[in-house]
Amino acid sequence: MKIVVLKFGGTSVGTISRIKKVSKIILSFKKKKYKVIVVTSAMSGMTNNLIKKSLKISKSFDPIEYDVLVSSGEQISCALISGQLKSLGHKSRSFLGWQVPIITDNNHTNAKIDFVNVRNIKKILSKGIIPIVAGFQGITKNGEVSTLGRGASDYTAITLAKYFNAEKCVIFTDVDGVMTTDPRNYKKAKKIKTISYEEMLEMSSLGSKVMQSNSVQEARLNRTDVLVKSSFKESEGTLITKRKKIKNHKIITGISSTKNDAKITLVGVKDKPGVAAAIFKPLSKNNINVDMVVQNISADKKETDVTFTIKNENTIKTVNLIKNNKEFKYDKILIDKNVSKLSIIGVGMITTPGVTYRMFQALSKNKINILVISTSEIKISVLIKQSNLKKGIEALHKEFNLDN
Ligand code: ADP
Ligand code: ASP
Ligand code: MG
């Protein structure tokens, strides 16, 4: 039995006419003799609206109720798709996360999938019925509705592809595939034909929201082929696959960026062992993810400045934790919310010397000052002023020949 999982994103199911278009795509796979499992997002804008409503009630809206609330968007779209297929005379059935069931941990608003019970959907598939599964949601062992984090319908789809041993998972979205950079930031972005799991994982976690990062990690672990393509027009899309299958790497595969980082600098911290641990311990205990870190060595070896980045939304919490921390002393705290992280990603840099220099040189030629740097085997990230972001993307896109 050839199984395929098809996932449709928010804009792909954004209107009733889009839902009709999506149904045609689903039926075209059925015609090719696939057993089709569909995963859908909420109609575009819906999840954001629901979140706004919760925030009008409280900035710390109860996470259990948040999950019941925001998961409702997917309930609408899965019913509409299934209803459309039925109205065309096909057999279909909608499934909410708990009806599958997709069992998750208790980490409300950002849960991980622990287990998928395949029995119900297998039964449906064997009867030739097309299941339309609500993405982004599951149920905890305590029977509470959970959600999997923003953009996580991708995660639902790729996890189902694993549990059903699907031949592939197709992610339908509003762009032609994974592009060298977000086309909204740079018009000359080009479609990438094939990209390795490792590069896609870096791109997603460094800000390219075309794929949600947990989903890429899941695909990587299970070696699931993922095809990202447009639901709006016929195009080949991008294949996310094993590194071995990819030939002709460019030095740099893609450029990612973020807009929601904040930079915190602690000026005049005592330069002695244990201080960094004292600063970051309460942050980690409160689930605040610290990203880039730099510590300047003081000339007199007595005091130092510690700079780090966090997500913008965690700024107030972080500053409070630092102010209430009695474990270390500092002179003052500086906060900059107008920063962006700009990253270049590519397995090609492992074997090519001088990539860091070329990146810094290209930025400096454009008078872009680098605030913080971090690197890994296949990526280099720099923190820059947000107002320099578009200029920086263009400079790097050109420098690494991605325009052609
Ligand atoms: P969906 O609702 O289909 O899941 P998303 O909005 O989550 O769609 O993701 C698609 C969007 O991701 C695109 O419209 C594009 O602006 C953005 N994006 C960011 N980086 C990239 C990239 N490298 N390639 C393609 N799209 C990107
Ligand atoms: N609807 C959810 C969101 O907007 C999940 C998704 O679109 O993948 O985050
Ligand atoms: Mg998405």
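Considering only DSSP beta bridges with both partners in the chain, what is the antiparallel share in %, to the nearest 5? Don't jump to the answer; show the numbers that get you there.
Working: 44 of 72 bridges.
So the antiparallel bridges amount to about 60 percent of the total.
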Sorted peptide list for 386-393, 368-375, criterion being average Cβ within 10 angstrom, highest first: 386-393, 368-375
For segment 207-252, what is Rg from Cα atoms divided by 2.2 N^0.38 Å, rounded to two decimals? 1.28
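Pick out, in residue order, every one of the GluC sites (Glu not before Pro) in segment 287-332 that is DSSP loop and has at most 14 other C-beta atoms within 10 Å; say none if there are none.
Passing both the DSSP loop test and the Cβ count: 327.
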Hits among lysines - C-alpha to C-alpha of residue 270 under 20 Å, sequence gap 8 or more where chains match: 281, 301, 302, 323, 326, 329, 332
Any idea what log10 I(q)/I(0) is at q = 0.08, 0.10 Å⁻¹ for the chain, Debye with uniform C-alpha scatterers and no solvent? -0.48, -0.74
So who's got an amide H within less than 5 Å of the one on residue 130, skipping anything under 5 residues away but keeping other chains? H placed 1.01 Å off N, in plane. 91, 92, 93
Subtracting the Cα-Cα distance of residue 57 and residue 390 from 0.36 nm times their residue separation yields 116.3 nm
Projected onto the charge dipole of the chain (unit charges on the beta-carbon of Lys, Arg, Asp and Glu, signs +1, +1, -1, -1), the Cα from 128, 68, 160 with the largest positive-side position is that of 128
For segment 367-372, Karplus couplings with θ = phi - 60° (6.51, -1.76, 1.60), whole Hz, Gly/Pro x: 6, 9, 7, 9, 8, 9
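Give me the Kirkwood hydrodynamic radius of segment 313-391, using the inverse of the mean 1/r over all pairs of distinct Cα atoms, in Å to one decimal. List each step's numbers first, then the result.
On the way: mean 1/r = 0.0668 Å⁻¹.
Computed over segment 313-391, the radius equals 15.0 Å.
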With the dipole of segment 244-318 defined by +1 on each Lys or Arg Cβ and -1 on each Asp or Glu Cβ, the option from 255, 288, 315 whose Cα lies farthest towards the positive pole is 255
Dipole in debye (nearest 20) - the chain, about Cα centre, beta carbon charges: Lys, Arg +1; Asp, Glu -1: 1320
With label points set 7 Å from each Cα along the Cα-to-Cβ direction at residue 33 and residue 284, the distance between them in nm comes to 5.4
Net charge, residue 114 excluded, C-beta distance under 12 Å - Lys, Arg +1, Asp, Glu -1: +1
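Expected output is a single nm value to one decimal: the length gained when fully extending between residue 267 and residue 322, i.e. 0.36 nm times separation in residues minus the C-alpha distance. What is it?
Values: separation 55, 0.36 × 55 = 19.80 nm, distance 1.24 nm.
Full-extension gain reported as 18.6 nm.
If N is the number of residues in segment 184-261, what value comes out of its Cα radius of gyration divided by 2.2 N^0.38 Å? Can you show the working numbers first?
Numbers: Rg = 12.6 Å, N = 78, 2.2 N^0.38 = 11.5 Å.
After normalising by residue count via 2.2 N^0.38 Å, the value is 1.09.
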Ranked by how many other beta carbons lie within 10 Å on average, peptides 214-220, 247-253 from highest: 214-220, 247-253
Cross-link reach from residue 2 to lysines, straight Cα distance under 16 Å and at least 8 residues apart if same chain, gives 30, 31, 32, 33, 35, 122, 123, 127, 162, 168
Derived scalar couplings ³J(HN,Hα) [segment 159-171; Karplus, 6.51 cos²θ - 1.76 cosθ + 1.60; whole Hz; x for Gly, Pro]: 5, 5, 4, 5, 5, 9, 6, 5, 5, 6, 10, 9, 9
Residues meeting the amide H criterion for residue 102 (H placed from the backbone, H to H distance under 5 Å, 5 or more places apart or on another chain) are 139
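Could you work out how much longer the chain between residue 234 and residue 332 gets when fully extended? Use 0.36 nm per residue separation minus the Cα distance between them, nm to one decimal. Don't skip to the answer; put the middle values down first.
Values: separation 98, 0.36 × 98 = 35.28 nm, distance 5.59 nm.
Length gained, residue 234 through residue 332: 29.7 nm.
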Debye, to nearest 20: dipole size of segment 264-402, +1 on Lys, Arg Cβ, -1 on Asp, Glu Cβ: 260
Which distance in Å, rounded to a whole number, links the C-alpha centroids of segment 229-304 and segment 1-21? 33
Taking Rh as the Kirkwood radius computed over alpha-carbon pairs of segment 1-66 and applying Stokes-Einstein at 4 °C with viscosity 1.567 mPa s, one gets a diffusion coefficient in µm² s⁻¹ of 93
How high is the relative contact order of segment 123-175, in percent, counting Cα pairs under 8 Å that sit 6 or more residues apart? 23
In deg cm²/dmol, rounded to 500, what helix-only [θ] at 222 nm does the chain give when every DSSP H run of at least 4 residues adds -39500 (n - 2.57) and the total is split over its residues? -10000 deg cm²/dmol
Checking segment 303-339 for trypsin sites (Lys or Arg not before Pro) in a loop per DSSP with at most 13 other beta-carbon atoms within 10 Å yields 326, 329
Estimated vicinal HN-Hα couplings, Hz - segment 347-364 in sequence order (Karplus 6.51, -1.76, 1.60; Gly, Pro = x): 5, x, 6, 4, 9, 10, x, x, 5, 4, 4, 4, 5, 5, 4, 4, 6, 5
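Work out the length of the dipole vector of segment 1-118 about its Cα centre, built from +1 on the beta-carbon of each Lys and Arg and -1 on the beta-carbon of each Asp and Glu, and round it to the nearest 20 debye. Display every interim value, and only then the final one.
Details: 19 positive and 6 negative charges, 208 e Å.
Dipole size: approximately 1000 debye.
Here, each number is a calculation from the coordinates, and none is a lab measurement. Note that this is a predicted model, so its numbers are computed, not measured. Every residue, glycine among them, receives a Cβ derived from its backbone with ideal geometry; neighbour counts consider all protein chains shown.
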